[in-house]
Amino acid sequence: MFTTAKRIVIKVGSSLLTDEAGGHVRETWMAALAEDLHALTAQGKQVIVVTSGAVALGRLQLGLKAKSHLLLEEKQAAAACGQIELFAAWRNALAHYQLKVAQLLLTADDSIERRRYLNARNTIDTLLELGAIPIINENDTVATAEIRFGDNDRLAARVAQMAGADLLVLFSDIDGLYTANPSSHKNATFIPEVTEITAGIERMAGGVSSSVGSGGMVTKLAAAKIAMAAGCHMLIARGTLEHPLRALMNGGACTRFIAKESPLSARKHWIAGSIHPAGSVIVDDGAVRALKSGKSLLPAGVKAIDGQFDRGDAVLIKDEKGAIIGKGLIAYDAEDAVRILGKQSHEIEQILGFKRRDVLIHRDDMVLQ
């Protein structure tokens with residue numbers, strides 16, 4: 001999987017990143033992981049890290065007991081304090097290999113509300129194109145119990161979905177999925193590969209085993225559902241080793257969750273069947289020929305705009321006779337699309353005062369009938 005994957009999300013939990021008391025970064029372990037991440041980037045891979053640890057690092061600095069239950073406002077305060085140390089630790093570890101890093105704090109709303117989703121996705125894409133490693137954590141300082149992810153397994157899966165990743169790696173204190181919790185069931189059997197999350201697979205999940213983490217096998221299976229539906233393979237592997245990625249790339253034990261489609265195919269199926277169009281764009285014959293040959297839709301080929309829609313909404317693509325030829329996610333809202341229809345791409349910035357894309361609908365965001 002590492003050989004073919006181009007964009008990889010690595011999730012690191014609090015129990016791996018911090019010591020048992022939860023107050024200090026395990027610097028030796030983190031340095032070894034940084035070396036592994038450098039090895040991936042040296043192969044031309046794009047890497048995203050989803051990290052926990054802010055609350056664990058911040059609580060002791062504020063005098064909050066390590067294993068006591070925290071109120072939501074106490075968690076938010078601990079996160080605000082610990083986030084500084086958490087990101088500094090990542091920055092320092094990766095700077096040893098001249099790797100650029102960027103910090104992103106996300107809430108569940110950022111993966112649901114369309115405009116915020118697009119902004120987050122575009123930021124991630126841009127950072128990766130510029131050679132930086134996004135370091136992502138949940139924004140615990142503003143999240144509430146109703147809107148937060150609650151664990152970074154599901155956050156990592158949403159990030160993988162958002163970024164169109166090929167592979168998601170969830171590091172844990174166990175080497176994969178078993179038929180039962182192996183710490184309490186001696187006859188538990190290791191499951192090397194899963195191609196579908198069935199009710200039987202879900203029954204195998206146990207509870208949280210770490211004193212500082214918030215996840216468990218239940219949340220990892222929930223993450224697997226999200227990732228596989230997005231066309232992203234997922235691995236659950238032991239992260240307690242000093243070089244966890246190296247061990248995994250060298251054939252170390254893990255449970256592989258196999259997606260049936262590629263991220264692009266899954267995305268196109270979602271566009272085709274899961275979202276309703278908010279409007280239409282009418283294109284000329286030249287644009288129809290270009291689209292059918294695999295090109296993106298340029299403003300120059302658009303004759304008219306119908307309906308009110310926002311950036312990122314689905315719209316129907318019609319020819320001048322009104323026949324539907326496809327559906328896609330549009331890069332500009334209706335008002336801006338009207339202003340640039342029929343124009344050349346190099347004119348967009350002059351007309352609007354900004355430019356998001358040269359195209360109105362990218363071919364990867366489009367499904368033709």
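The values are calculated or read from the model by the stated rules, or taken from the named source; none is laboratory data. Bear in mind that the values here come from a model prediction, so they are computed numbers and not experimental data. Reconstructed Cβ throughout: ideal geometry from the backbone, glycine too, with neighbour counts over all protein chains shown. Keep in mind that these areas ignore ligands, DNA and RNA; they rest on the heavy atoms of the full protein, side chains included. Shrake-Rupley method; radii C 1.70, N 1.55, O 1.52, S 1.80 Å.
Details
- The stretch 169-186, residues that are without any contact (Cβ under 8 Å) to a residue 60 or more places away in the chain, among the polar types (S, T, N, Q) and open to solvent by less than 50 Å² (accessible area, probe 1.4 Å): none
- For the stretch 211-240, a residue qualifies if it is open to solvent by less than 50 Å² (accessible area, probe 1.4 Å), within 25 Å of SER14 (Cα to Cα) and assigned to a loop (DSSP other than H, G, I, E, B), and the qualifying residues are VAL212, GLY213, GLY215, GLY216, CYS232, GLY239.
- The set of residues in the stretch 241-279 that are part of a loop (DSSP other than H, G, I, E, B), closer than 30 Å to ILE330 by Cα and touching a helix residue (DSSP H, G or I) at 6+ places or on another chain (Cβ under 8 Å) comprises ALA259, LYS260, GLU261.
- Selection within the stretch 5-50 - open to solvent by less than 10 Å² (accessible area, probe 1.4 Å) and in a strand (DSSP E or B): ILE8, VAL9, ILE10, VAL12, THR18, VAL47, ILE48, VAL49, VAL50
- Qualifying residue in the stretch 89-110 (condition: in a helix (DSSP H, G or I), open to solvent by 50 Å² or more (accessible area, probe 1.4 Å) and at pLDDT below 95): yes
- Looking only at the stretch 111-125, and only at residues there that are open to solvent by less than 20 Å² (accessible area, probe 1.4 Å) and touching a residue at least 60 places away in the same chain (Cβ under 8 Å), the one that is farthest from SER52 (Cα to Cα): LEU118
- Residues of the stretch 264-283 satisfying the condition of being open to solvent by 40 Å² or more (accessible area, probe 1.4 Å) and more than 18 Å from ARG311 (Cα to Cα): LEU264, SER265, HIS269, GLY273
- One residue alone among ASP364, ASP310 is under 28 Å from the mean Cα position of the chain (by Cα), in contact (Cβ under 8 Å) with a residue 40 or more places away in the chain and open to solvent by 70 Å² or more (accessible area, probe 1.4 Å), and that residue is ASP310.
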